[in-house]
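Undergrad: The following block contains the structure, expressed as structure tokens.
The values are calculated or read from the model by the stated rules, or taken from the named source; none is laboratory data. Computed from a prediction, not measured in an experiment: that's the story for all the values here. Heads up, the Cβs are rebuilt from the backbone with ideal geometry, glycines too, and the neighbour counts pull from every protein chain shown. Surface accessibility is based on the protein's heavy atoms, side chains included, excluding ligands, DNA and RNA. Shrake-Rupley method; radii C 1.70, N 1.55, O 1.52, S 1.80 Å.
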Amino acid sequence: MAVCINNLNVWLGSAQILKDINLQFKKQRITAIVGPSGCGKTTLLRSINRTAELEEGFRCSGKILLNGKNIYQSRDVSGIRRKMGLVLQTPVALPLSIKENVIFGARYCRGKNKQELDEINERCLKQAGLWEEVKNKLNKPAAELSGGQKQRLSIARVLAVEPEVLLLDEPCSSLDPASTKVIEELLIQLSRQLTVVLVTHNLFQAQRVAHDTIFMMEGTVVERGPTGVMFSNPQKQETRAFFSGLIW
Ligand SMILES: Nc1ncnc2c1ncn2[C@@H]1O[C@H](COP(=O)(O)OP(=O)(O)O)[C@@H](O)[C@H]1O
Ligand SMILES: [Mg+2]
């Protein structure tokens, strides 16, 4: 099991945001997390990549294991953040060239020379399905790319530091249907090598790409299972209500 979460509780100040979360994310699978706004999806992803602790008043109990090791006992916090790559809702294009955007993180870990960085750039742009579109303008500002291209650029930047787990927080919410389709196909491809966790508010997207689906509400996991089973035969009343659009 790539990621194993045992009895995770998270507080921000006096508010308990995540309550007794027990989950596993498997390698070579896409797991979708769905649930009403404010139920704790982003906090869960940020707890998994150890950026939630940057919030004032963050406190947690329980365990998050990556390949059997508790990530909260690791002293190498930036190493954990690299292994648990997080792609945000709004595509991030740094005010740099396309290539500099891709190698931004890779440049600072394990001193790489120019040729290695060029190879990383090409490999990750290919993996992110963006190479053909940008190979002739690698030194142009990334700001010139479309929203969908910027989101694939963000994915390339995360891939460049060789994550084991790819966490995505509503990555298509600002994209048009065509760009969304490109990203979905990309995630299916990437899941052959990585563990993919996809927070989405789009239930159709979960059904299209996710092997497993988790439904959260008010900081707890209500139900989880293989996506087909979850959508065709949810066991809990709340899951049924959410999937039929009665709560959001
Ligand atoms: N920095 C913070 N301090 C206190 N509460 C927060 C903070 N950030 C988020 N929250 C609260 O945590 C809950 C979960 O938020 P979030 O993880 O963003 O949910 P989701 O991504 O599912 O919409 C919400 O009630 C939100 O108001
Ligand atoms: Mg969120």
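Undergrad: In the set ILE30, ILE17, ILE64, ILE48, which member is within 15 Å of ligand 1 (Cβ to nearest atom), under 26 Å from GLU162 (Cβ atoms) and surrounded by 13 or more Cβ atoms within 10 Å (Cβ to Cβ)?
TA: On the way: ILE30 fails: within 15 Å of ligand 1 (Cβ to nearest atom); ILE17 fails: under 26 Å from GLU162 (Cβ atoms); ILE64 fails: within 15 Å of ligand 1 (Cβ to nearest atom).
Within the list ILE30, ILE17, ILE64, ILE48, the selection yields ILE48.
Undergrad: Also, quick follow-up: Given the conditions (1) charged (D, E, K, R); (2) within 16 Å of ligand 2 (Cβ to nearest atom); (3) free of Cβ contacts under 8 Å to residues at least 40 places away in the same chain, and given that ARG46 satisfies all but one, which numbered condition is not satisfied?
TA: The failed condition is (3).
Undergrad: What tally of residues in segment 190-219 results from selecting those that are more than 16 Å from ligand 2 (Cβ to nearest atom) and either over 11 Å from ILE30 (Cβ atoms) or assigned to a loop (DSSP other than H, G, I, E, B) (or both)?
TA: Within segment 190-219, residues that are more than 16 Å from ligand 2 (Cβ to nearest atom) and either over 11 Å from ILE30 (Cβ atoms) or assigned to a loop (DSSP other than H, G, I, E, B) (or both) number 8.
Undergrad: Of all residues in segment 222-239 being open to solvent by 40 Å² or more (accessible area, probe 1.4 Å) and either touching a residue at least 40 places away in the same chain (Cβ under 8 Å) or among the hydrophobic types (A, V, I, L, M, F, W, C) (or both), which is farthest from ligand 2 (Cβ to nearest atom)?
TA: VAL229
Undergrad: Quickly run through segment 33-43 and pick out the residues that are under 13 Å from the mean Cα position of the chain (by Cα) and either open to solvent by 30 Å² or more (accessible area, probe 1.4 Å) or within 9 Å of ligand 2 (Cβ to nearest atom) (or both).
TA: Correct list: LYS41, THR42, THR43.
Undergrad: Say whether the condition of being closer than 18 Å to PHE25 by Cα and part of a helix (DSSP H, G or I) is met by at least one residue in segment 167-187.
TA: yes
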